[in-house]
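Here's the structure we're looking at; comments come further down.
Just so it is clear, none of the values below were taken in a lab; they were calculated from the coordinates. Predicted model, so just to flag it, every value in this text is computed and none were measured. Cβ placement follows ideal geometry from the backbone for every residue including glycine, while neighbour counts extend to all protein chains displayed.
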Amino acid sequence: MFGRYCINFDTSVKTNIKNCKQFMERTLVILKPSCIERNLIGEVIGRIEKRGLVIAGMKMIQLDEAVLREHYSHLVDKPFFPQLAKSMMACPVIVMCLKGVDVVRVFREMTGVTNGRKAAPGTLRGDFCMSGSLNIIHASDSVENAEIELARFFKPGEIFDYAPATLGFIYETDEL
Ligand code: IDP
Ligand code: MG
């Protein structure tokens, strides 16, 4: 019962999660091989949880060249693409669907700029990497691309429509 509703401070006020349009924004995150191999999975997931973002889907998969050519279609003609593809196939990755109000922008800001050496301290890249290529995380860059990318990596039924009971302590009622 609780899983289907946003519970506010006043528990008599329950809003059906399907009406929480703002909360329904989603983004795709990939924990890259540079994250997995460097044992940073817990650090990244810990920050996602502490910020109040909801993990609505998560699985480990092995990427291949075909999906990377699609996912990085804007980069396939760059000289560094072969190196990028190789690094993304070096070991399995973890793909996640995050949900939250403004989650695409919020998680891009938490991620930091592409080059880890230029990323601000306090961001995931700024705190945990030193490379412009091995930069530990992928995060969707727009709401539209997030939906395209989620469809690329998740099958129907692998993303769950639930709202944690803590939601009423993460957002004020009028923010949902
Ligand atoms: P983003 O991951 O910050 O959105 P994009 O420009 O979309 O950055 O590039 C996708 C990924 O390609 C980067 O995260 C990084 O791993 C890699 N990449 C981007 N630019 C370069 C480059 O100049 N040299 C090497 N790798 C790059
Ligand atoms: Mg990008």
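Annotation: aspartates and glutamates with alpha-carbon distance below 19 angstrom to K32 (same-chain offsets under eight excluded): E43, E49, D64, E65, E70, E109, D127, D141, E149.
Sorting 40-48, 89-97, 153-161 by their mean Cβ neighbour count within 10 Å, with the most densely packed peptide first, gives 89-97, 40-48, 153-161.
Report the FRET efficiency, 1/(1 + (r/R0)^6), for D77 and R108, where r is their Cβ-Cβ distance and R0 is 22 Å, rounded to 0.05. Walk me through the intermediate numbers first.
Working: r = 24 Å, r/R0 = 1.09.
Efficiency, rounded to the nearest 0.05: 0.35.
Using the Cβ-Cβ distance between V67 and K155 with R0 = 22 Å, the FRET efficiency computed as 1/(1 + (r/R0)^6) comes to roughly 0.95.
Given +1 at the Cβ of Lys and Arg, -1 at the Cβ of Asp and Glu and no other charges, the dipole of the chain around its Cα centre is 320 debye to the nearest 20.
Given R0 = 35 Å, the distance between the Cβ atoms of T173 and S133 translates into a calculated FRET efficiency of 0.20.
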